[in-house]
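The values are calculated or read from the model by the stated rules, or taken from the named source; none is laboratory data. This structure is a prediction, so every number in the text was calculated from the model and none was measured. All Cβ positions, glycine included, derive from the backbone under ideal geometry; neighbour counts span all protein chains shown. Ligands, DNA and RNA are stripped out before the accessible areas are found, and what is left, the full protein with its side chains, is counted by its heavy atoms. Shrake-Rupley method; radii C 1.70, N 1.55, O 1.52, S 1.80 Å.
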Amino acid sequence: MGGLTHQMLNVEWHTAGTTRLTLCIGRYALKFARSRRGRDGNRRERLEWDRATPERREMLCPILWTAPFGLVNVMRRAVSLTREQQLELLDNDGFPDWDYMPGGPRDPFEHKESDWGYLDGRLVSLDYAGGSRGD
């Protein structure tokens, strides 16, 4: 083809979430809200990303864009944890510590395998809309 390289896009649907659907296309993950709760989740993630310190951003999957009303979050695509990786992280206290700050969440994520992955060689939270809420 005259030096042109055709590369197939890796596309996956993740439909297990109760409030959001995730469409992964190439290097991007698009989180579509299923309902008002899903829109709230997208907005909470955006808020956490926007107010995160540089140290906290290191443990969050980056949000690149959020549609109005929280309809969609566009994020970098990470490689999800396997069950074995999740269990090893739990056994070895390997999940990052989220230092509590007044007015913010105590821990905006859960330690489920589907909520974590690897991006650029580091462990990042893929879903930080939930977890324990702060004051």
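Brief remarks on what is shown
- Relative contact order (percent, whole number), the chain, Cα cutoff 8 Å, 6+ residue spacing: 20
- Sequence-distant residues sharing a close amide H with Tyr28 (under 5 Å, placed H): Arg77
- Fluctuation leader among Asp40, Asp50, Asp93 - the chain, Gaussian network, Cα springs under 10 angstrom: Asp93
- Prolate/oblate/rounded call for region 30-82, Cα gyration tensor, a/c under 1.5 rounded: oblate
- Rounded FRET efficiency, nearest 0.05, which uses the C-beta distance separating Ile25 from Asp50 and R0 of 25 Å: 0.55
- Candidates Arg56, Arg39, Arg77: whichever shows maximal mean-square fluctuation once the chain is modelled as a Gaussian network with Cα springs under 10 Å: Arg56
- Here Ser35 and Arg106 are evaluated by their C-beta separation; at R0 = 30 Å the FRET efficiency comes out at 0.75.
- Sorting Thr66, Thr82 on solvent-accessible area from highest to lowest, probe radius 1.4 Å, gives Thr82, Thr66.
- Hydrodynamic radius of the chain by the Kirkwood approach over all distinct alpha-carbon pairs: 15.7 Å.
- By DSSP, the beta bridges lying fully in the chain are antiparallel in about 95 percent of cases.
- Extension gain (nm, one decimal) between Thr18 and Arg83, 0.36 nm per residue minus Cα-Cα: 21.4 nm
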